[in-house]
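Trainee: After the structure tokens below, expect a handful of questions from me.
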Amino acid sequence: MKFNIITLFPEIITPYMKIGPVKKAIELGKLEIITYNPRDYAPSPKEVDDYPFGGFTGMILKIEPLYDILSIIKDPGFVVLPSPQGKILDQRVIETISEKESVTVICGRYKGVDERITKYVDLELSCGDYILSGGEILALILIDAVSRLQEGALGNLNSCLTDSIVSSILDIPYYAHPREFRGEKVPEVLISGDHGKVEAWARKEALRRTILKRPELLYGAKLLRDDAKILKELEEEVKE
């Protein structure tokens, strides 16, 4: 698939193309990322933003360079606008976007963009209820999350499929050497060599974490046959 990123600061995007699953997906030909700078499509580099009509404070990106870029992109595909008023980004949105042939992200800056560009937008997206300097952070989140779903981008596909937000069960606690650090030891079961006990421990700890930290995830979780028993045990432990 292809990402077209419209941004005043392509230098934010391009370094990320050289690391991790994003780099691997690009090398495998599964992912293509092209940046477009509105400064290159404006009468002059300084004519990409303006004060909004009405005497309001701050600057917004002008519509002409943004529209011109959308016009020259051969296939803008699914157009996304990062915005505080947009749909909250989650894994379901990521999976939907990953199925598109081409995705274009318009990265606003300053106070935002000329409202008229929304006529050409398919989805406004927010990555949380806080203020960022521009849409590039959300664009990077999309690129990273989508790259992980591309075949061959991860060394182990199961690593992606068992991620907590995918499975709706939080991941387990992990331990590595040394076996003891400042009096705290690695759980004995993990060095027992008994794979059955390790799997049972892992499931219980995953459910424990989910109950304590993100209980709402359980509503969408695909629980296993023995999970009801484990959940009851955990409920009793919490009461104690």
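Trainee: Can you give the FRET efficiency to the nearest 0.05 for residue 197 and residue 219, using r as the Cβ-Cβ distance and R₀ = 30 Å?
Mentor: E(calc), rounded to 0.05, equals 0.55.
Trainee: To the nearest µm²/s, what D does Stokes-Einstein give for segment 179-240 at 4 °C and 1.567 mPa s, using the Kirkwood radius over alpha carbon pairs as Rh?
Mentor: Rounded, D is 98 µm²/s.
Trainee: Once you treat every alpha carbon in segment 2-155 as an equal point and sum by Debye, what is log10 I(q)/I(0) at q = 0.18 Å⁻¹?
Mentor: Relative scattering, expressed as log10 I(q)/I(0), comes to -1.08.
Trainee: FRET efficiency for residue 63 and residue 179, Cβ-Cβ distance as r, R0 = 51 Å, nearest 0.05?
Mentor: 0.25
Trainee: Here is a follow-up. Take the alpha carbon atoms of segment 28-52, find their center, do the same for segment 69-96, and report the distance between the two centers in whole angstrom.
Mentor: Rounded to whole Å, the Cα centres lie 16 Å apart.
Trainee: Tell me the label-point distance for the pair residue 151, residue 236, using the 7 Å Cα-to-Cβ offset, in nm and rounded to one decimal.
Mentor: In this crude spin-label approximation the distance works out to 4.8 nm.
Trainee: If I histogram all Cα-Cα distances within segment 15-80 using bins 10 Å wide from 0, what percent of pairs lands in each bin?
Mentor: It works out to 18, 32, 31, 16, 4, 0, in whole percents.
Trainee: Moving on. Going by the alpha-carbon gyration tensor, a ≥ b ≥ c the square roots of its eigenvalues, is segment 76-126 rounded (a/c under 1.5) or, if a/c is not under 1.5, prolate (a/b greater than b/c) versus oblate?
Mentor: It is oblate, given that a/c is not under 1.5 and a/b is not larger than b/c.
Trainee: Hey, rough spin-label estimate for residue 18 and residue 131, points 7 angstrom out along Cα→Cβ, what's it come to in nanometres?
Mentor: 3.3
Trainee: Rounded, prolate or oblate, given the Cα gyration tensor of segment 58-148, with a/c below 1.5 counting as rounded?
Mentor: oblate
No lab work stands behind these numbers, since they all come straight from the coordinates. Just so it is clear, the model here is predicted, and its values are computed rather than measured. Reconstructed Cβ throughout: ideal geometry from the backbone, glycine too, with neighbour counts over all protein chains shown.
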